[in-house]
Structure formats: C-alpha cells, structure tokens
There are 2 protein chains.
Amino acid sequence: MSGVDILGYVAGLLTAFTFLPQVIKTWKTKSAKDVALAMFVIAFTNQILWLAFGVLREDPVIIITNAVMLCMTGLMISLKLKYNHK
Amino acid sequence: MSGVDILGYVAGLLTAFTFLPQVIKTWKTKSAKDVALAMFVIAFTNQILWLAFGVLREDPVIIITNAVMLCMTGLMISLKLKYNHK
C-alpha cells in the first residue's frame, strides 16, 4: 500500500464520521431549528450514489464509508424532522 | 467514459454542493446555535486530505470537488463563529 493509498483510507475513514458531532449535538439539545434539512437530503441522495458506485467498483472503502454515512444521515434527517420547531 | 465513471462524476458534483443549503440558511437566519462546529472542522480537515490526495493522484474531479467544499466549509465555520449565540 502506497502513501497515497493510506491518505485515501484516512480521508475515507474521517469522512464517515463527519456528521457524528451533529447527530450527538441534536440528540442532546433536542433542537434542530438552525440545521438545514436540504443539506442532509443532498448528502443522503449522494451517499446512495456513492454506495452504488462503490458496489459497481467493488471498492470496500467506498462501500463501508458511505454505508456508515447513510445511517448517520438518515438518523439526522429523522432528528431534524422530530426537533425542527424546538 | 463508462456508466460507472459518469455515476462517480455525478456523485462528486453533488458532494461539492452538500453544504450550500446550510450556508444559505445560516446566512439568511443569522442563527447557528444548533449547528455543530465540530462537523465542519472535521469536514475542513478532511477536505484538505482529499485535496492532497487529488493532487497526488492528479485527479481533477477530486481536486475541484474538494476545493469547492473547502470554500463552503470555511465560510460555514466563520458563519458559525459569528452567529453562534444568536
């Protein structure tokens, strides 16, 4: 594995957890008024495309990264809808 | 260009504009209390890694996608810091 590959893996891993702080914050504060729903809807659509791309390319890093993100984005969309007006 | 490549380009393009709705919302409402700063700090770090990866791989899609995202994330971090308590 080259240095470039390692950089890709680190970036991929970090990407998977981008939305985690937002999920934790909204979960704790039960407030999501300032959060843009469209951001997570775009991200969700996008992760489905990336997941399809990963499956077609048979690339486990893309598959795992986007499966994790898809779960977090789905959770964040439900939190946003639940706590939108609080 | 294969169908898989096209899927990758579409996903890449869509990724670039993920944070745009949040930037517009925060810009308009001048309120960012519910937005997690850590999410954008992780994204910013991540985009620098992806940008480096894109440059090393000489991949224009990765470079352009992440350059656009880096600008939006930087803007969102400054909006969050400015409007945090409003």
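The values are calculated or read from the model by the stated rules, or taken from the named source; none is laboratory data. This is a predicted model, so every value here is computed, not measured. Cβ sites come from the backbone with ideal geometry, for glycine too, and all protein chains shown count toward neighbours. With ligands, DNA and RNA removed, areas are computed over all heavy atoms of the protein, side chains included. Shrake-Rupley method; radii C 1.70, N 1.55, O 1.52, S 1.80 Å.
Backbone phi angles across the range A:26-35, fed through the Karplus curve with coefficients 6.51, -1.76 and 1.60 (θ = phi - 60°), yield HN-Hα couplings of 5, 4, 6, 7, 6, 9, 9, 3, 7, 7 Hz in residue order; Gly and Pro are listed as x.
Per-residue shielding of B:7-14, expressed as the average number of other chain Cβ atoms within 10 Å of the residue Cβ, stands at 5. Whole-Hz Karplus values for the range A:15-21 come out as 4, 4, 9, 4, 7, 4, x Hz, taken residue by residue from phi with 6.51 cos²θ - 1.76 cosθ + 1.60 and θ = phi - 60°; glycine and proline positions read x. Split the accessible area of chain B by element, probe 1.4 Å, and carbon with sulfur accounts for 74%.
In nanometers and ordered shortest first, the copy-to-copy spacing of the A:Glu58 label point, defined 7 Å from Cα toward Cβ, is 2.7. Do any of A:Lys82/B:Lys82; A:Lys25/A:Lys80; A:Lys28/B:Lys28; A:Lys28/B:Lys82; A:Lys82/B:Lys28; A:Lys28/B:Lys30 go past 19 Å between their Cα atoms, and which? Table pairs above 19 Å Cα-Cα are A:Lys82/B:Lys82; A:Lys28/B:Lys28; A:Lys28/B:Lys82; A:Lys82/B:Lys28; A:Lys28/B:Lys30.
In nanometres and ascending order, the distances from the B:Lys33 label point to those of the other copies are 0.5 (point 7 Å from Cα along Cα→Cβ). In a reduced charge model with +1 at each Lys and Arg Cβ and -1 at each Asp and Glu Cβ, the range B:3-82 shows a dipole moment near 580 debye about its Cα centre. For the pair B:Lys33 and A:Thr45, a Förster radius of 22 Å applied to the C-beta separation gives a FRET efficiency near 0.25, rounded to the nearest 0.05. Out of B:Tyr9, B:Trp27, B:Thr65, whose Cα points farthest toward the positive end of the dipole of the range B:3-82 (charges: +1 Lys, Arg; -1 Asp, Glu; placed on Cβ)? Checking the options against the dipole of the range B:3-82, the answer is B:Trp27. Karplus-based coupling profile of the range B:59-64, in residue order and whole Hz: 10, x, 5, 5, 5, 5, with θ = phi - 60° in 6.51 cos²θ - 1.76 cosθ + 1.60 and x standing for Gly or Pro. Among residues of chain B, the one whose beta-carbon sits closest to the B-to-A rotation axis is listed with its distance in Å as B:Asp34, 2.
Using all pairs of distinct alpha-carbon atoms, the Kirkwood hydrodynamic radius of the protein assembly as shown works out to 16.3 angstrom.
When only Cα pairs below 8 angstrom with a gap of at least 6 residues are kept, chain B shows a relative contact order of 46 percent. A point 7 Å from Cα along Cα→Cβ stands in for A:Leu7, and the other copies hold the same point at 2.7 nm, listed in rising order.
Rg of the Cα atoms in chain A, relative to 2.2 N^0.38 Å, amounts to 1.22.
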